[in-house]
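**Student:** Before anything else, here's the structure in question.
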Amino acid sequence: MHTQHTAIITGSTGGLGQLLVKEMINNRSLLPNYRFVLLGRDSDKLTELRKTLDGQREVILEACDLSILNNQLSLANAYGLGASVIIHLAADFGSTTKITETVDVAEIQNTFLVNVVLFQNLVRAAVTEMIRVGFGRAIAISSTAGLYPYPQRESYAATKHALNGLTQTID
(Lines give C-alpha, C1' and ligand atoms only; values in the text may rest on other atoms or scores of the structure.)
Protein backbone atom coordinates (compact mmCIF):
# COMPACT_ATOMS: atom_id res chain seq x y z
CA MET A 1 0.00 0.00 0.00
CA HIS A 2 1.19 3.48 -0.93
CA THR A 3 1.24 6.01 1.86
CA GLN A 4 1.33 9.61 0.82
CA HIS A 5 3.26 11.92 3.10
CA THR A 6 3.20 15.70 3.27
CA ALA A 7 5.98 18.25 2.82
CA ILE A 8 5.29 21.88 3.68
CA ILE A 9 7.40 24.61 2.10
CA THR A 10 7.02 28.17 3.37
CA GLY A 11 8.22 31.14 1.34
CA SER A 12 7.42 29.35 -1.91
CA THR A 13 6.91 32.56 -3.89
CA GLY A 14 10.32 34.09 -3.15
CA GLY A 15 13.32 33.60 -5.42
CA LEU A 16 15.01 30.86 -3.39
CA GLY A 17 11.64 29.32 -2.56
CA GLN A 18 10.65 29.01 -6.21
CA LEU A 19 13.98 27.38 -7.11
CA LEU A 20 13.68 24.88 -4.27
CA VAL A 21 10.04 24.07 -5.05
CA LYS A 22 10.77 23.43 -8.73
CA GLU A 23 13.68 21.12 -7.88
CA MET A 24 11.81 19.22 -5.16
CA ILE A 25 8.65 18.65 -7.18
CA ASN A 26 10.01 18.22 -10.70
CA ASN A 27 12.69 15.75 -9.60
CA ARG A 28 10.42 12.81 -8.81
CA SER A 29 13.24 10.92 -7.05
CA LEU A 30 13.16 13.55 -4.28
CA LEU A 31 10.50 12.78 -1.72
CA PRO A 32 8.54 10.20 -3.72
CA ASN A 33 4.98 9.61 -2.49
CA TYR A 34 4.78 13.12 -1.06
CA ARG A 35 2.19 15.79 -1.57
CA PHE A 36 3.48 19.34 -1.31
CA VAL A 37 1.83 22.22 0.50
CA LEU A 38 3.26 25.49 -0.80
CA LEU A 39 2.80 28.57 1.36
CA GLY A 40 3.35 32.09 0.10
CA ARG A 41 2.01 35.60 0.31
CA ASP A 42 1.24 36.15 -3.37
CA SER A 43 -1.55 34.04 -4.90
CA ASP A 44 -0.62 35.14 -8.45
CA LYS A 45 2.97 33.99 -7.98
CA LEU A 46 1.77 30.66 -6.54
CA THR A 47 -0.51 30.17 -9.55
CA GLU A 48 2.35 30.94 -11.96
CA LEU A 49 4.64 28.61 -10.02
CA ARG A 50 2.16 25.75 -10.34
CA LYS A 51 2.37 26.00 -14.14
CA THR A 52 6.09 25.11 -13.97
CA LEU A 53 5.61 22.00 -11.81
CA ASP A 54 5.22 18.30 -12.54
CA GLY A 55 1.49 17.71 -12.91
CA GLN A 56 1.81 14.17 -11.54
CA ARG A 57 2.54 15.39 -8.02
CA GLU A 58 -0.18 16.61 -5.68
CA VAL A 59 0.41 20.27 -4.94
CA ILE A 60 -1.71 22.40 -2.62
CA LEU A 61 -1.31 26.16 -2.81
CA GLU A 62 -2.02 28.35 0.20
CA ALA A 63 -1.68 32.11 -0.17
CA CYS A 64 -2.01 34.02 3.07
CA ASP A 65 -0.41 36.50 5.41
CA LEU A 66 1.80 34.39 7.67
CA SER A 67 2.41 37.29 10.05
CA ILE A 68 -1.10 36.66 11.41
CA LEU A 69 -0.90 34.08 14.19
CA ASN A 70 -4.40 32.67 13.51
CA ASN A 71 -3.41 32.00 9.88
CA GLN A 72 -0.33 30.11 11.10
CA LEU A 73 -2.35 28.03 13.53
CA SER A 74 -5.00 27.21 10.92
CA LEU A 75 -2.35 26.05 8.44
CA ALA A 76 -0.51 24.06 11.12
CA ASN A 77 -3.75 22.29 12.03
CA ALA A 78 -4.77 21.72 8.40
CA TYR A 79 -1.43 20.43 7.09
CA GLY A 80 1.16 20.21 9.85
CA LEU A 81 -0.55 17.34 11.63
CA GLY A 82 0.20 15.07 8.65
CA ALA A 83 3.58 16.49 7.65
CA SER A 84 6.92 14.76 8.00
CA VAL A 85 8.95 17.40 6.15
CA ILE A 86 8.93 21.13 6.91
CA ILE A 87 11.14 23.48 4.88
CA HIS A 88 10.96 27.03 6.17
CA LEU A 89 12.07 29.73 3.73
CA ALA A 90 9.53 32.43 4.59
CA ALA A 91 11.09 35.65 5.79
CA ASP A 92 9.90 39.07 6.77
CA PHE A 93 12.75 41.54 6.48
CA GLY A 94 11.15 44.10 8.76
CA SER A 95 11.95 47.76 8.92
CA THR A 96 15.13 49.46 7.77
CA THR A 97 14.64 51.94 10.61
CA LYS A 98 17.16 51.43 13.36
CA ILE A 99 15.58 49.84 16.41
CA THR A 100 16.89 52.74 18.53
CA GLU A 101 14.75 55.07 16.42
CA THR A 102 10.99 55.04 16.10
CA VAL A 103 10.02 51.53 15.04
CA ASP A 104 6.47 50.25 14.99
CA VAL A 105 6.25 47.48 17.58
CA ALA A 106 3.70 45.64 15.41
CA GLU A 107 6.29 45.50 12.63
CA ILE A 108 8.82 43.90 14.97
CA GLN A 109 6.19 41.38 16.09
CA ASN A 110 5.27 40.54 12.48
CA THR A 111 8.92 39.88 11.65
CA PHE A 112 9.24 37.55 14.65
CA LEU A 113 5.97 35.77 13.83
CA VAL A 114 7.02 34.97 10.25
CA ASN A 115 10.68 34.23 10.84
CA VAL A 116 10.48 32.19 14.06
CA VAL A 117 6.99 31.44 15.37
CA LEU A 118 5.71 30.07 12.04
CA PHE A 119 8.46 27.43 11.97
CA GLN A 120 7.85 26.56 15.62
CA ASN A 121 4.09 26.15 15.04
CA LEU A 122 4.55 23.93 11.99
CA VAL A 123 7.13 21.73 13.70
CA ARG A 124 5.03 21.42 16.84
CA ALA A 125 2.06 20.29 14.72
CA ALA A 126 4.16 17.83 12.68
CA VAL A 127 6.12 16.13 15.46
CA THR A 128 3.49 13.46 16.14
CA GLU A 129 3.40 12.46 12.46
CA MET A 130 7.19 12.43 12.27
CA ILE A 131 7.34 10.06 15.23
CA ARG A 132 4.52 7.89 13.85
CA VAL A 133 6.24 7.33 10.48
CA GLY A 134 9.72 7.12 11.98
CA PHE A 135 11.00 9.93 9.81
CA GLY A 136 10.96 13.68 9.89
CA ARG A 137 12.88 16.70 8.74
CA ALA A 138 12.44 20.27 9.93
CA ILE A 139 14.70 22.53 7.89
CA ALA A 140 14.89 26.27 8.43
CA ILE A 141 16.80 28.40 5.96
CA SER A 142 18.24 31.23 7.99
CA SER A 143 20.65 33.97 6.97
CA THR A 144 24.11 35.28 7.68
CA ALA A 145 22.15 37.92 9.61
CA GLY A 146 21.68 35.20 12.22
CA LEU A 147 25.44 34.95 12.64
CA TYR A 148 26.74 38.50 12.21
CA PRO A 149 25.54 42.05 12.82
CA TYR A 150 23.19 43.34 10.14
CA PRO A 151 23.10 47.14 10.30
CA GLN A 152 19.67 48.74 10.01
CA ARG A 153 18.00 45.33 10.03
CA GLU A 154 18.15 44.74 13.77
CA SER A 155 14.72 43.09 13.99
CA TYR A 156 15.47 40.79 11.07
CA ALA A 157 18.88 39.84 12.50
CA ALA A 158 17.42 39.21 15.95
CA THR A 159 14.79 36.85 14.52
CA LYS A 160 17.39 34.96 12.50
CA HIS A 161 19.50 34.53 15.65
CA ALA A 162 16.37 33.21 17.38
CA LEU A 163 15.61 30.86 14.47
CA ASN A 164 19.17 29.50 14.59
CA GLY A 165 18.83 28.94 18.34
CA LEU A 166 15.49 27.20 17.90
CA THR A 167 16.74 24.82 15.21
CA GLN A 168 19.83 23.96 17.25
CA THR A 169 17.76 23.05 20.32
CA ILE A 170 15.02 20.99 18.65
CA ASP A 171 15.62 17.29 19.16
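The values are calculated or read from the model by the stated rules, or taken from the named source; none is laboratory data. Here the structure is a predicted model, which means the values were calculated and not measured. Here the Cβ is made from the backbone with ideal geometry for all residues, glycine too, and neighbour counts use every protein chain on show. With ligands, DNA and RNA removed, areas are computed over all heavy atoms of the protein, side chains included. Shrake-Rupley method; radii C 1.70, N 1.55, O 1.52, S 1.80 Å.
**Student:** What longest range of the chain stays clear of loop-exposed trypsin sites (Lys or Arg not before Pro) (DSSP non-H/G/I/E/B, at most 13 other C-beta within 10 angstrom)?
**Tutor:** It runs 99-171.
**Student:** Normalise the Cα radius of gyration of the chain by 2.2 N^0.38 Å (N = residues in it) and let me know the number. Present the calculation step by step, with values, prior to reporting the outcome.
**Tutor:** Details: Rg = 16.2 Å, N = 171, 2.2 N^0.38 = 15.5 Å.
Ratio of Cα Rg to 2.2 N^0.38 Å: 1.05.
**Student:** Okay, moving on. According to the square roots a ≥ b ≥ c of the eigenvalues of the Cα gyration tensor, what is the shape class of segment 38-83, taking rounded for a/c under 1.5, prolate for a/b larger than b/c otherwise, and oblate for the remainder?
**Tutor:** Values: a/c = 4.49, a/b = 1.43, b/c = 3.13.
Because a/c hits 1.5 or more and a/b fails to exceed b/c, segment 38-83 counts as oblate.
**Student:** Sticking with this one: Of the candidates Gly55, Gly40, Gly94, which one comes out as most mobile in a Gaussian network treatment of the chain with C-alpha springs shorter than 10 Å?
**Tutor:** Result: Gly55 has the largest fluctuation of those listed.
**Student:** Just the number, please: carbon plus sulfur as a percent of the accessible area of the chain, 1.4 Å probe, no ligands or DNA/RNA counted.
**Tutor:** Numbers: 4860 of 9070 Å².
Result for the chain: 54 percent of the exposed heavy-atom area is carbon or sulfur.
**Student:** Could I ask something else about it? Take the alpha carbon atoms of segment 101-171, find their center, do the same for segment 9-25, and report the distance between the two centers in whole angstrom.
**Tutor:** That distance is 18 Å.
**Student:** Return the calculated 222 nm mean residue ellipticity for the chain, to the nearest 500 deg cm²/dmol, obtained by summing -39500 (n - 2.57) across DSSP H runs with n ≥ 4 and dividing by the residue count.
**Tutor:** -13000 deg cm²/dmol
**Student:** Now for a different question. Once the piece of chain linking Glu23 and Gln109 is laid out straight, how much longer is it, given 0.36 nm per residue of separation minus the C-alpha distance between them? Before the final figure, lay out each step's value.
**Tutor:** Values: separation 86, 0.36 × 86 = 30.96 nm, distance 3.23 nm.
Taking Glu23 through Gln109 to full extension adds about 27.7 nm, to one decimal.
**Student:** Let me ask you something else. Would you mind finding the longest exposed-site-free stretch of the chain, with exposed GluC sites (Glu not before Pro) meaning DSSP loop and at most 14 other Cβ atoms within 10 Å? Display every interim value, and only then the final one.
**Tutor:** Working: sites that count: Glu58, Glu101.
Free of exposed loop sites, the longest segment is 102-171.
**Student:** Kindly report the accessible area of the chain per residue (heavy atoms of protein chains, probe 1.4 Å, no ligands, DNA or RNA), in Å².
**Tutor:** Values: 9070 Å² over 171 residues.
Heavy-atom accessible area per residue stands at 53 Å².
**Student:** Given the options Asp65, Asp44, Asp92, which has the most mean-square fluctuation in a GNM of the chain, springs set between C-alpha atoms less than 10 angstrom apart?
**Tutor:** Evaluated over the chain, the most mobile residue of the options is Asp44.
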